[in-house]
1. Which one is modelled with the lowest pLDDT among residues in segment 76-106 that are of a type in the set (D, E, K, R) and more than 23 Å from residue 119 (Cβ to Cβ)?
2. Take the residues of segment 92-121 that are small (Gly, Ala, Ser) and surrounded by 15 or more Cβ atoms within 10 Å (Cβ to Cβ): which is nearest to residue 32 (Cα to Cα)?
3. Condition test on residue 120, is it part of a strand (DSSP E or B) and free of Cβ contacts under 8 Å to residues at least 12 places away in the same chain?
4. Could you run through segment 77-114 and say how many residues are over 27 Å from residue 46 (Cβ atoms) and either assigned to a strand (DSSP E or B) or of a type outside the set (Phe, Trp, Tyr) (or both)?
5. Quickly run through segment 55-75 and pick out the residues that are part of a loop (DSSP other than H, G, I, E, B), in contact with a strand residue (DSSP E or B) (Cβ under 7 Å, 6 or more places away or on another chain) and either modelled with pLDDT of 95 or more or at positive phi (or both).
6. So if I check each of 181, 190, 138, 161, which one is surrounded by 14 or more Cβ atoms within 10 Å (Cβ to Cβ) and farther than 21 Å from residue 43 by Cα?
7. Does residue 54 qualify as being among the aliphatic types (A, V, I, L, M) and closer than 23 Å to residue 107 by Cβ?
8. If residue 109 satisfies all but one of (1) at pLDDT below 95; (2) within 27 Å of residue 155 (Cα to Cα), what's the number of the condition it fails?
Amino acid sequence: MANRTILEKAAITLAVLLVFNALAFSSSERTIRQGSVEFMLSGYAMNEPRFDAVYNTGGMMTGLSLSSAIVSNVNFYLDIKYYYREGELTFSKEKTTLYIVPISLGVRYIYPFGLFNPYLGAGLDYYFFYEENPIGTVLSRTSGFHITGGTYMRFSRSVPVLLNLRLKYTAAEAEQNGTPVQLGGFEYGVGLTYSF
């Protein structure tokens with residue numbers, strides 16, 4: 001019963017903060033007026049089970065995102081990222097390296113809600129990947145699609161810098177020596193955005 005009361009108080013406090021936030025910032029104003037440049041840092045977890053046997057799980061992905069407003073709070077975005085992992089071959093324990101360069105193109109809607117500006121988007125992906133080890137090298141590419149969501153945190157209307165907290169799921173399958181390889185997976189991260 002005491003836990004329920006604490007949860008009710010927390011919910012009421014959150015509702016009051018959101019209403020105050022909505023009144024403090026104009027919801028009719030665009031979050032990203034014309035465009036933005038964003039530097040991203042993300043964690044990445046591939047869907048490929050064999051990946052975990054060869055490479056250490058997880059890994060950081062870095063990148064750059066550019067966006068342009070289409071109409072109202074709908075904008076077009078282009079993400080270019082870089083992912084690098086080192087590991088060991090399962091049998092010989094020899095060194096192997098993997099490089100992935102995902103390029104994402106999509107459209108999202110950003111709801112301007114003061115401090116928090118949630119968004120939802122979807123688009124297409126194009127993956128370049130390169131794997132090198134003593135057995136051989138693989139240089140290939142594949143395409144896929146993604147869905148993304150998150151929120152921009154806007155601390156002041158007069159400062160054009162935003163913090164982007166985001167989650168993305170990509171479905172992308174490649175083929176390596178006749179075997180399907182799942183390059184997609186979950187990406188979760190943070191970005192520092194300059195809006196103009």
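The values are calculated or read from the model by the stated rules, or taken from the named source; none is laboratory data. The structure presented is a predicted model; accordingly, all values stated were derived computationally and were not measured. Note that we place each Cβ from the backbone using ideal geometry, even for glycine, and neighbour counts take in every protein chain shown.
1. Filtering first and then ranking leaves 93.
2. 114
3. No.
4. 5
5. 58, 59, listed by residue number.
6. 138
7. Criteria not met by residue 54.
8. Unmet condition: (1).
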